[in-house]
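Q: Here it is, the structure in full.
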Amino acid sequence: MTAVEFRHCPQCATALEWITQAEDGGDKQRLRCPACGFTHWNNPTPVLAAIVELDGRILLARNAAWSGRMFGLITGFMEAGESPEEGIRREIAEETSLDVTKLTLVGVHDFQRMNQLIVTYHALAQGEVRLSPELAEYKLMAPANIRCWRAGTGFALADWLRGQGLEPVFMEDVQRPANPVS
């Protein structure tokens, strides 16, 4: 998923320009419409993420659209009219068919590369995993065996592991053999 790049005003179709204007806190340069005054605020999009725990293990899933074998947390966007808690419960149910029995906020992390703000929860879940077509495969891992990634939800996962008394290990910190055997 990529951020939407505004080039034209959604109100009058005039090309947007970088215009400096006084705002609360001083002058700010933003994409603005010189014809009607529309401002593209470019605020971060809130994203929900879940560290799903099933029978003492953490569920990591691979998105069907991802190349390679990268696994990550269950994530998704809030729908209008739902709370973050309702949204992540819905996402977990839609993507894995699991029922959430308990939710705990892990934290809020920025993911500036995608212009997102990630709200992460630890979710105790029960049931049988049945993936939606959005996900290609999953694995269940003991928390001590998880390797974090240095972006977005990887930092949230690292924070959660620290809260469990485990020092997170990041993927690039793992020693690899010089001549791996196939």
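Q: Percentage of Cα-Cα pair distances in the chain greater than 21 Å, rounded to whole percent?
A: On the way: 9670 of 16471 pairs.
Here the tail beyond 21 Å accounts for 59 percent of pairs.
Q: If the only charges are +1 at each Lys and Arg Cβ and -1 at each Asp and Glu Cβ, what is the size of the charge dipole of the stretch 21-116 around the Cα centre, to the nearest 20 debye? List each step's numbers first, then the result.
A: Details: 10 positive and 14 negative charges, 92 e Å.
For the stretch 21-116, the charge dipole is close to 440 debye.
Q: Further question on the same structure: How large is the charge dipole for the chain, taken about the Cα centre, if only the Cβ atoms of Lys, Arg (+1) and Asp, Glu (-1) carry charge, to the nearest 20 debye? Could you put the intermediate results ahead of the total?
A: Values: 17 positive and 23 negative charges, 110 e Å.
Here the size comes out at about 520 debye.
Q: Take the Cα of Asp55, step 7 Å along the line toward its Cβ, and report every residue of the stretch 76-100 whose backbone nitrogen sits under 18 Å from that point.
A: Within reach of a label on Asp55, which here means backbone N under 18 Å from a point 7 Å along Cα→Cβ, the stretch 76-100 contributes 96-100.
Q: Which one, Leu48, Gly87, Met70, is farthest towards the positive end of the dipole of the chain when Lys and Arg carry +1 and Asp and Glu -1 on their Cβ?
A: The residue sitting most towards the positive pole is Met70.
Q: Can you give the helix-only mean residue ellipticity at 222 nm for the chain, where every DSSP H stretch with n ≥ 4 adds -39500 (n - 2.57) and the sum goes over all residues, rounded to the nearest 500 deg cm²/dmol?
A: Working: 2 runs with 24 residues, N = 182.
It comes out at -4000 deg cm²/dmol, rounded to the nearest 500.
Q: What's the center-to-center distance, using Cα atoms, between the stretch 138-162 and the stretch 12-36 in Å?
A: Cα centroid of the stretch 138-162 versus Cα centroid of the stretch 12-36: 40 Å apart.
Q: I would also like to ask the following. Quick one: helix 84-96 against the long Cα principal axis of the chain, what's the angle to the nearest 10°, folded into 0 to 90?
A: Roughly 50 degrees between the two axes.
Q: From the square roots a ≥ b ≥ c of the eigenvalues of the alpha-carbon gyration tensor of the stretch 1-42, which class results: rounded (a/c under 1.5), prolate (a/b over b/c), or oblate? Walk me through the intermediate numbers first.
A: Numbers: a/c = 2.49, a/b = 1.29, b/c = 1.94.
Here the stretch 1-42 falls in the oblate category.
Q: If exposed means no more than 15 neighbouring beta carbons inside 10 Å and the site is in a DSSP loop, what's the longest run of the chain without any exposed trypsin sites (Lys or Arg not before Pro)? Write down the numbers at each step before the final one.
A: Working: sites that count: Arg7, Arg69, Arg130, Arg150.
Value returned for the longest uninterrupted segment is 8-68.
Q: Helix 153-163: angle to the longest alpha-carbon principal axis of the chain, degrees 0 to 90, nearest 10?
A: Value to nearest ten degrees: 50.
Q: Provide the FRET efficiency to the nearest 0.05 for the Trp41-Trp149 pair, computing r from the beta carbons and using R0 = 35 Å. Before the final figure, lay out each step's value.
A: Numbers: r = 29 Å, r/R0 = 0.83.
Taking R0 as 35 Å, the efficiency between Trp41 and Trp149 is 0.75.
Q: Follow-up. Rounded to the nearest 5, what % of DSSP beta bridges with both residues in the stretch 47-144 are antiparallel?
A: Values: 25 of 33 bridges.
Taking every DSSP beta bridge within the stretch 47-144, about 75 percent pair in antiparallel fashion.
Q: Also, quick follow-up: Calculate, for Glu82 and Val129, the FRET efficiency according to 1/(1 + (r/R0)^6) with r their C-beta to C-beta distance and R0 22 Å; round to the nearest 0.05. Provide the component values of the computation, followed by the final result.
A: Working: r = 23 Å, r/R0 = 1.05.
Here the calculated transfer efficiency is 0.40.
Here, each number is a calculation from the coordinates, and none is a lab measurement. Here the structure is a predicted model, which is why all the values come from computation and not from measurement. Cβ atoms come from the backbone with ideal geometry, glycine included; neighbour counts cover every protein chain shown.
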